[in-house]
Amino acid sequence: GAEEVEQEKPFVGPVGRYVASLCKEAGFNLEDCYRTNVFKYRPPENDIKRAAETGHTIEAGLEQLWGEIYACKPNVILLLGSTALKYVCGKDGIGKWRGSILPTQQGGFKTVSTYHPGSIITPRKGEAADASSAVFIKLDFVRAYEESHYPSIRTPHRILQIAKSDLDVYNFLESNRSRSICAVDIETIKSVPSCVGLAFQSSHSISIPLIPLPGIGGIEIVDHQLQEIWRLLGDFFETPGLKLVGHNFKFDEEKLIAPVGFLSPGNRKLYIDTMLLGHTLYCE
C-alpha cells in the first residue's frame, strides 16, 4: 500500500491497522512480531498478478525471504493470503488450507495461514467483503498466537477407523458405553445407507459398512458378521437417553427409520443439527 511504500514498513496502512486490531483481540501486539512481505514492491493497484510490471519477480525475492525466516527462527509464521501460502508452504487454495498447521517448504518452520485481511478492508473490484471470512481470520489469529508458544508442530491425534468385523463395532460401542451424545452420519447408494459413521468424541470415529461393498477399500464382511453388526446398531440406536448430533439430519433420520429400521418412527433422538447451528451463527 501507499503508506507502506512511504514508511518502508509492512502493515502500517489501513490494512495494517486492521491487522494490529486483530492481533490485540487475539492477545498479542503486532509490534512484537517480525513483519515482512513475500513481494517487497508495490504492484499496480496492489494487484499481485501484476507484479512483473514493477520490473521484479516474486521468485527473485525468495532468497531474501528465506534469509529473513532463518534469521528469525520463529515459533510460528502467520501467513496472510494465498500468495504467502503458496511461496512459503507450496500449497494452493487459501480456502482449503486456512487455519491448518503446516510446515514451511524449507526449514520445517510452523505456519498458520488465513485469508488476507486486505480482502476485508479493500476488496477487489466486483468483490464484496465476506462477513464470515472476517470471523475465520479472527479465529486463525488466535490459533497462531496459541501456536507461537512452542516451535514444534503438534497436530491433533485422531483415529479414523473403518469397521472390518462385528468385533470392531462391539468394541467401539462398548468402549463408549458411558457416553450419551453421539455424532452420526450416513452415506447412501440409491438412497439406501451403505455405511454409518459414529463419533462420541473428536479424537475417534468409526465408519461401519451396512451392506456388502466388494472392492471398496478391500472391505468384505461375511453375512453372519453383517447380521451381528445390524443387531448391535439396532440395540445402540434404541439406547434410552441417547442424544444424536447430525448435519442436515432430517435426511439421515429418514433413512435410519426406513429402510434400515434403526430408529422407530416418532422416536426423536436428535440433540443438535450442526447445519442449523451453522446457519444460525452465520445467517448471512
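The values are calculated or read from the model by the stated rules, or taken from the named source; none is laboratory data. Values in this document were obtained by computation on a predicted structure and should not be read as measured data. Counting neighbours? That spans all protein chains shown, and the Cβs are built from the backbone with ideal geometry, glycine included. Only protein heavy atoms, including side chains, enter the accessible area calculation; ligands, DNA and RNA are left aside. Shrake-Rupley method; radii C 1.70, N 1.55, O 1.52, S 1.80 Å.
Within the set of pairs 6 or more residues apart or between chains, which connect a residue that is closer than 18 Å to residue 156 by Cβ inside region 86-109 to a residue that is modelled with pLDDT under 95 and in a helix (DSSP H, G or I) with Cβ atoms less than 8 Å apart? From region 86-109, the pairs are 98/136; 99/136. Please indicate, with yes or no, whether at least one residue in region 25-37 is in contact (Cβ under 8 Å) with a residue 60 or more places away in the chain and surrounded by 15 or more Cβ atoms within 10 Å (Cβ to Cβ). For region 25-37, residues in contact (Cβ under 8 Å) with a residue 60 or more places away in the chain and surrounded by 15 or more Cβ atoms within 10 Å (Cβ to Cβ): present. Taking only region 51-84 into account, find how many residues are at negative phi, assigned to a loop (DSSP other than H, G, I, E, B), surrounded by 13 or more Cβ atoms within 10 Å (Cβ to Cβ) and not hydrophobic (A, V, I, L, M, F, W, C). The qualifying residues number 3. Only one entry in 216, 186, 208 is under 27 Å from the mean Cα position of the chain (by Cα) and modelled with pLDDT under 90, namely 216. Considering region 179-188, the residues that are part of a strand (DSSP E or B) and out of contact with any helix residue (DSSP H, G or I) (no Cβ under 6 Å at 6 or more places or on another chain) include one that is most open to solvent (accessible area, probe 1.4 Å), namely 187.
The requirement of being open to solvent by less than 80 Å² (accessible area, probe 1.4 Å), modelled with pLDDT of 90 or more and charged (D, E, K, R) is fulfilled nowhere in region 152-164; no residue meets it. Taking the criterion of being open to solvent by 40 Å² or more (accessible area, probe 1.4 Å) and either polar (S, T, N, Q) or part of a strand (DSSP E or B) (or both), the residues of region 89-125 that qualify are 103, 105, 106, 119, 122.
If residue 170 satisfies every condition in (1) open to solvent by 50 Å² or more (accessible area, probe 1.4 Å); (2) out of contact with any Leu (no Cβ under 8 Å at 6 or more places or on another chain); (3) closer than 19 Å to residue 159 by Cα but one, which is the exception? Unmet for residue 170, out of (1) open to solvent by 50 Å² or more (accessible area, probe 1.4 Å); (2) out of contact with any Leu (no Cβ under 8 Å at 6 or more places or on another chain); (3) closer than 19 Å to residue 159 by Cα: (2).
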